[in-house]
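Student: To start, I am sharing the structure in question, which I have written as C-alpha cells.
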Amino acid sequence: MQTIETPVLICGGGGAGLSASIFLSALGVESILVERHTTTSHLPKAHYLNQRTMEIFREHGIADSIYTRGSKAENMGAVAWYTSLAGDGPLDRKMIYKMDAFGGGNTSQTYARDSACRSGNYPQLRLEPLLREHAERSPLAQVRFNNELLSFEQDASGVTSTIRDGVSGETYQVRSKYLVAADRGRTSGPTLGIKLEGPTGLVDMVSTHFSADLSPYIDDDSPLIRWFINPEGGGSWGSGAIVPMGPNSYDRHSKEWVVHFAFRPDDPDFDEAAVVPRMRELFKLPNLKLEVHKVSHWIVEAVLADKYRGGRAVVIGDAAHRHPPTTGLGLNSGIQDAHSLAWKLAALVRGQATEKLLDSYEAERRPVAARNTRWALFTFMNHFVIDAGLGMIPGAPPAANAAAFATLLSNSDEGETARARAHEVIQTQRTEFTAHDLEIGFHYTSGAIVGDGTPPPPRAPMGDVYHPTTRPGHRLPHVWLEFGGKKVSTHDLCGRGRFVLFTGSKGQAWKQAATAAAERFGVELQSHIVGNGGDCVDSTGVWEKLREIGDDGAILVRPDVHVGWRVQVMPGNPGQALESALGKILGQ
Ligand SMILES: Cc1cc2nc3c(=O)[nH]c(=O)nc-3n(C[C@H](O)[C@H](O)[C@H](O)COP(=O)(O)OP(=O)(O)OC[C@H]3O[C@@H](n4cnc5c(N)ncnc54)[C@H](O)[C@@H]3O)c2cc1C
C-alpha cells in the first residue's frame, strides 16, 4: 500500500477542517485534508460569523470576500418577531418586537470600538466552497475530497491513517506527526474513546432551504432573523423562523431562504411531506410558489467531549462540542479551535515547542466550549421565556393563546401593559443576539499563559458587556494605531505565526530583549514601541487607556492574538524575564 508522509493530516472538510488547512498553510506547515464527501455540505446550517471569526478571516485575507458576498451590515443589524408574513385576520402581519442584534442599531458603536471587523453573515453552504478555494490555493495543502479516513493508529513518533480514495476505490496510508480530527467525531471519537457528555435528543429541528419571492410581504430589510409566533403555532420554536440565504442579496429580495421548525423528537408531525403545508400555514400564504432545495433534520443537544486529545490526535469543531445554534457559537467555535490549534502544531512541527504546548489546547479551548455549550442551551430555552412573556401557555388550547394575543395586540390599557412586558422579556434574548462578551471576551488559563495574579474584569451576567483588557489569557484589545504611515489595528500587527511584544515610550530595552529571545527560541518575535519615539503612534490615546502597563512595561502577544504574559514596569533584567515567559509559553 502506498504511504504518503505529511506533518499534519486533517480529517473532515467542513468549516473547521478547511479552516485548519488554511491556517496551517499560512504558518508554512504542509498538510493533507481528507473529506469523505465529493463536495462541501449542501445543508444551509450556520450563517452568522462573529467578530472574532471575522478577525481571524481578516488575518487570512478571507474577510473581504465574506463582506462582499454576504449580508450588508444594514441587513443584519436586527432580529424581529412577527405574528405572520401575510393574512388579513386581526392578529396577522403584526410586528411584535424588533431588537438590535449582531452589532447593529444602538450596539454598533460598541462593536465598532471593540474590533476592526464587523460581524458577518454568509451561509455555511456558500462559506465552505470559499474556504475550500482558499485552502486549495496553497501549494502546502493537499485537499482531497472523496477520500475517507477508514482507521488510524498511533505510535510514539506518529499517526498511521488508512484512507480510501473514492474514485479509484483503492486504499492508501498517510503517515503524519499529528492528526486533526474535524470529522464531527465520526471516526475519531470511537478510536480515541472520546465521550460526548451532556443532554441530547432535546428537540428535533427541521430546516428547509427553499426559493420563493417573499418581497411583497416584507417591508423592513434590517432583520436578519424573523421569528413567527402565533397562537396556532404554539410558540417561537414551534412556530418557526426564517433567514435569508442570498445568494445575491440578504434583504427582502433574497431568492433563497431557510425556515426552521422545532418538534419534540417523538412528534410524528415532522416528516418532509408535512413541511411545505406547514410553511404555507406559518406564512399565511396558502398559494405561495416555492421550490424546496433541501429538508434537513438535526437533533438539538448540548454535548462536550470529555477530552480533546488522544496522543497525537486532537479534535476540533463539532467533534469536540455540539450545541443549539442559538448564539451562533458552533461553526464560530470550530474555526476558532482551528486557529488556536494551528500555531501550536506549527511550533511543534518546527521543533520550537514541547508537547506541553499541545496540552494547553484542551486546557484553553475546552472550558470555552463548556461555557458556550451551556450558554447556547440557555439561550435556546429562553425562547420559551419569550413565549411566556407574550402570555402564551404551553399546551393551552389555541383559543386561550389567541385571547392572550388579542390582548397583546389590542389598543387598550391591558394591551399596552402586555406589550411593555413582552418587550422587557424579549430583551432578555440579547443573551443570544448581543453576546458580545461570549464572542470576544473569552479568556484562557493554561500552562501556555503566564498569569500576573490580577483578577479578570467584571463579568456581565447577560454576556452582553465586553471589557477590553491586556490581562494574560485574554484576546488583545483592538485599538487603531498609526504604523508606517497607515492606520492599523493592534491585531494587524499580530498573528501569522508571530509573537509580538508591545511596550511604551520608555521601553527601548525591550527591543534588545526581544531580539535575543527570538534567537534563543527560534521564533519570530516582533516588538513595537507605542508612544513617543516609537514606531507606533497612539493618536487617539485609546491604547494608553487600555494597555494596563506603564511606559516601560511590556505585553507579550501569542500568535493567536491572546496575551501570553505582561509586566507593568520594566524588571531589572528584561531579557531574562521575557525569555522565562516565552519559554513557559512554548513549554520549554
Ligand atoms: C441548522 C443549523 C444552523 C446552525 N447555525 C449556526 C450559526 O448560525 N452559527 C454557527 O456558528 N454555527 C451554527 N450551526 C452549527 C454549525 O453548522 C456546526 O457547528 C459546524 O458545521 C461544525 O463544523 P465542523 O467542520 O466541525 O463539522 P461538520 O460541518 O459536520 O464537518 C465534518 C466533516 O467531516 C467529514 N467526515 C466525517 N468522517 C469522515 C471520515 N472518516 N473521513 C473523511 N471525512 C469525514 C464529514 O463528511 C463532514 O464534511 C448550525 C447548525 C445547524 C444544523
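The values are calculated or read from the model by the stated rules, or taken from the named source; none is laboratory data. No experiment lies behind these values; they were computed from the predicted model shown. As a convention, Cβ positions derive from the backbone with ideal geometry for all residues, glycine included, and neighbour counts pool all protein chains shown.
Student: Let me confirm something: among GLY564, GLY531, which residue is under 28 Å from the mean Cα position of the chain (by Cα) and of a type outside the set (Val, Ile, Thr)?
Tutor: GLY564
Okay, residues lined up against (1) surrounded by fewer than 19 Cβ atoms within 10 Å (Cβ to Cβ); (2) modelled with pLDDT of 95 or more; (3) under 22 Å from the mean Cα position of the chain (by Cα); (4) away from the ligand (no atom under 13 Å from the Cβ):
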| site | (1), (2), (3), (4) |
| --- | --- |
| PRO139 | yes, yes, no, yes |
| PHE145 | yes, yes, no, no |
| PHE152 | no, yes, no, no |
| GLU170 | yes, yes, no, yes |
| GLN173 | yes, yes, no, yes |
| ALA182 | no, yes, yes, no |
| ILE194 | no, yes, no, yes |
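Student: Quick one: which of HIS478, HIS423 is touching a Ser or Thr at 6+ places or on another chain (Cβ under 9 Å), closer than 26 Å to THR327 by Cβ and at pLDDT 95 or above? Give the derivation first.
Tutor: Values: HIS423 fails: touching a Ser or Thr at 6+ places or on another chain (Cβ under 9 Å).
Result of the check over HIS478, HIS423: HIS478.
Student: Any residue at all in region 204-212 that's surrounded by fewer than 18 Cβ atoms within 10 Å (Cβ to Cβ), more than 16 Å from the ligand (Cβ to nearest atom) and touching a residue at least 60 places away in the same chain (Cβ under 8 Å)?
Tutor: Yes, region 204-212 contains a residue that is surrounded by fewer than 18 Cβ atoms within 10 Å (Cβ to Cβ), more than 16 Å from the ligand (Cβ to nearest atom) and touching a residue at least 60 places away in the same chain (Cβ under 8 Å).
Student: A follow-up question, please. Residue pairs, Cβ under 6 Å, 6 or more apart or interchain, first in region 412-433 and in contact (Cβ under 8 Å) with a residue 60 or more places away in the chain, second in a loop (DSSP other than H, G, I, E, B) and of a type in the set (Gly, Ala, Ser). List them.
Tutor: Final answer for the pair search is THR431/GLY463; PHE433/ALA101.
Student: Hey, which of the helices (runs of 4 or more DSSP H) in region 423-532, taking only ones fully inside, have at least 1 residues that are within 19 Å of ARG558 (Cα to Cα) and of a type in the set (Lys, Arg)?
Tutor: Of the helices (runs of 4 or more DSSP H) lying wholly inside region 423-532, those with at least 1 residues that are within 19 Å of ARG558 (Cα to Cα) and of a type in the set (Lys, Arg) span 508-521.
Student: Any idea which of VAL349, VAL368 is touching a Pro at 6+ places or on another chain (Cβ under 7 Å) and surrounded by fewer than 21 Cβ atoms within 10 Å (Cβ to Cβ)?
Tutor: Numbers: VAL368 fails: touching a Pro at 6+ places or on another chain (Cβ under 7 Å).
None of the others qualify; the one that does is VAL349.
Student: Look at region 414-472 and say how many of its residues are out of contact with any Lys or Arg (no Cβ under 6 Å at 6 or more places or on another chain), of a type in the set (Asp, Glu) and over 27 Å from LYS344 (Cβ atoms).
Tutor: 4
Student: So, in region 42-69, exactly how many residues are part of a loop (DSSP other than H, G, I, E, B) and more than 12 Å from the ligand (Cβ to nearest atom)?
Tutor: Total satisfying the criteria: 3.
Here is a yes/no grid of residues against (1) assigned by TED's automatic domain parsing to the domain that holds SER333; (2) of a type in the set (Gly, Ala, Ser):
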{"position": "SER25", "(1), (2)": "yes, yes"}
{"position": "HIS47", "(1), (2)": "yes, no"}
{"position": "MET54", "(1), (2)": "yes, no"}
{"position": "PHE57", "(1), (2)": "yes, no"}
{"position": "HIS60", "(1), (2)": "yes, no"}
{"position": "TYR82", "(1), (2)": "no, no"}
{"position": "ALA86", "(1), (2)": "no, yes"}
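Student: So is GLY201 out of contact with any helix residue (DSSP H, G or I) (no Cβ under 6 Å at 6 or more places or on another chain), under 30 Å from TYR361 (Cβ atoms), assigned to a loop (DSSP other than H, G, I, E, B) and away from the ligand (no atom under 14 Å from the Cβ) or not?
Tutor: Yes: the conditions hold for GLY201.
Student: Let me ask another. Please go through region 89-117 and pick out each residue that is hydrophobic (A, V, I, L, M, F, W, C), out of contact with any strand residue (DSSP E or B) (no Cβ under 7 Å at 6 or more places or on another chain) and under 19 Å from VAL542 (Cα atoms). Before the answer, list the steps.
Tutor: Filtering region 89-117 for residues hydrophobic (A, V, I, L, M, F, W, C) gives 91, 95-96, 99, 101-102, 112, 116-117.
Now narrow it down to the ones that are out of contact with any strand residue (DSSP E or B) (no Cβ under 7 Å at 6 or more places or on another chain): 91, 112, 117.
Within region 89-117, ALA112, CYS117 qualify.
Student: Condition check: more than 16 Å from the ligand (Cβ to nearest atom) and either buried (at least 24 other Cβ atoms within 10 Å of the Cβ) or at pLDDT 95 or above (or both). Does PRO324 satisfy that? I'd like the intermediate steps shown before the answer.
Tutor: Numbers: more than 16 Å from the ligand (Cβ to nearest atom): no; either buried (at least 24 other Cβ atoms within 10 Å of the Cβ) or at pLDDT 95 or above (or both): yes.
Considered against the rule, which asks whether it is more than 16 Å from the ligand (Cβ to nearest atom) and either buried (at least 24 other Cβ atoms within 10 Å of the Cβ) or at pLDDT 95 or above (or both), PRO324 comes out as no.
Student: Could we say that THR515 is hydroxyl-bearing (Ser, Thr, Tyr) and free of Cβ contacts under 8 Å to residues at least 40 places away in the same chain here? Walk me through it before giving the result.
Tutor: Numbers: hydroxyl-bearing (Ser, Thr, Tyr): yes; free of Cβ contacts under 8 Å to residues at least 40 places away in the same chain: yes.
Spelling it out, THR515 is indeed hydroxyl-bearing (Ser, Thr, Tyr) and free of Cβ contacts under 8 Å to residues at least 40 places away in the same chain.
Student: If GLY15 passes every condition in (1) in contact with a strand residue (DSSP E or B) (Cβ under 8 Å, 6 or more places away or on another chain); (2) within 7 Å of the ligand (Cβ to nearest atom); (3) of a type outside the set (A, V, I, L, M) but one, which one does it miss?
Tutor: Only one criterion in (1) in contact with a strand residue (DSSP E or B) (Cβ under 8 Å, 6 or more places away or on another chain); (2) within 7 Å of the ligand (Cβ to nearest atom); (3) of a type outside the set (A, V, I, L, M) is unmet by GLY15, namely (1).
Student: Quick test for you: out of VAL314, VAL259, VAL276, pick the one residue that is farther than 25 Å from LEU582 by Cβ and either buried (at least 19 other Cβ atoms within 10 Å of the Cβ) or within 16 Å of the ligand (Cβ to nearest atom) (or both).
Tutor: Numbers: VAL314 fails: farther than 25 Å from LEU582 by Cβ; VAL276 fails: either buried (at least 19 other Cβ atoms within 10 Å of the Cβ) or within 16 Å of the ligand (Cβ to nearest atom) (or both).
Criteria check complete, one pass: VAL259.
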